[in-house]
Amino acid sequence: MSERFRASQFHPGKEGAMMAHKENEMAAAPDFVPVEEYLRSSYSPDAEYIDGRVVERESTMGENEHSAWQKALVVWFETQAARAGIRVRPELRVQVDAYSFLIPDVTLLDRNRPVDPIATHPPIAVIEVLSPADQVGRVMKKGERYEKMGIRTVLIVDPEGPAYRFREGKLEPLAERAFPLEGSEARFDLDEIAKLVD
């Protein structure tokens, strides 16, 4: 893992301590929201819904590196979309279980499935772009939820370091920088995507 990512988990400085306090504060607030209310509400930026609670996304901080990588991923997969049998969606709500909706930075959908307002079938892949506020524990929990839903490819890209794959409950550095995505003709290529970062 990159030093920034690892350090925020194991050696929180002033910023890490403030984030931990914020997370503890949010966890202490029981504010149960019915799923119907979450679905008909509008949040800016859009918020996730986890076990009956509306949760602010840490990675939507509007920072240049995060935004640039998200755009590069969308552009990379859009060039393959029609022939690869995928639809590319930035920040699409994905219903991972009855009471949880996550919002990956980039979602790749199976083009053979009907288009729905919210992804309710396992996408081909989801990709999260890390931001300075992300913490290992939170990324691991999201990975577990994606995997339980049946998503076979869960990728995490660190703009300041390596990329990771969440597989079988583990977060591992990518062994291969380029590979086909299961269930489609799409191909992930970290080096080519990096060239698109402007």
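Bear in mind that the values in this text are calculations on the coordinates, not laboratory data. Fair warning: this is a prediction, and the values are worked out from it, not measured in the lab. A quick note on method: Cβ atoms are made from the backbone with ideal geometry, for glycine too, and the neighbour counts reach across all protein chains shown.
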The long-range amide H neighbours of Ala163, using H built 1.01 Å from N in the peptide plane and a cut-off of under 5 Å, are Asp158, Leu174
Can you compute the equivalent ellipsoid semi-axes for the range 128-195, i.e. the square root of 5 times each eigenvalue of the Cα gyration tensor, sorted largest first and rounded to whole Å? 19, 17, 9
Ratio of Rg to Rh over the range 36-84 (Cα coordinates, Kirkwood Rh, two decimals): 1.12
Can you give me the pair-distance distribution of the range 50-147, C-alpha pairs, 10 Å bins, whole percents? 15, 47, 33, 5
Residues Glu65, Glu36, Glu160 arranged by fewest to most Cβ contacts within 10 Å: Glu36, Glu160, Glu65
Final fewest-first order of Phe188, Phe32, Phe179, Phe166 on the 10 Å Cβ neighbour count is Phe32, Phe179, Phe166, Phe188
For a protection proxy built on the mean count of beta-carbon atoms within 10 angstrom, sort 40-47, 144-151, 124-131 highest first, please. 124-131, 144-151, 40-47
Of Lys71/Lys142; Lys141/Lys195; Lys148/Lys170, which ones are farther than 19 Å apart at the Cα? Lys71/Lys142; Lys141/Lys195
Using θ = phi - 60° and Karplus 6.51 cos²θ - 1.76 cosθ + 1.60, couplings along the range 41-56 (whole Hz; Gly, Pro as x): 8, 10, 10, 10, x, 4, 10, 8, 10, 10, 6, x, 10, 7, 10, 5
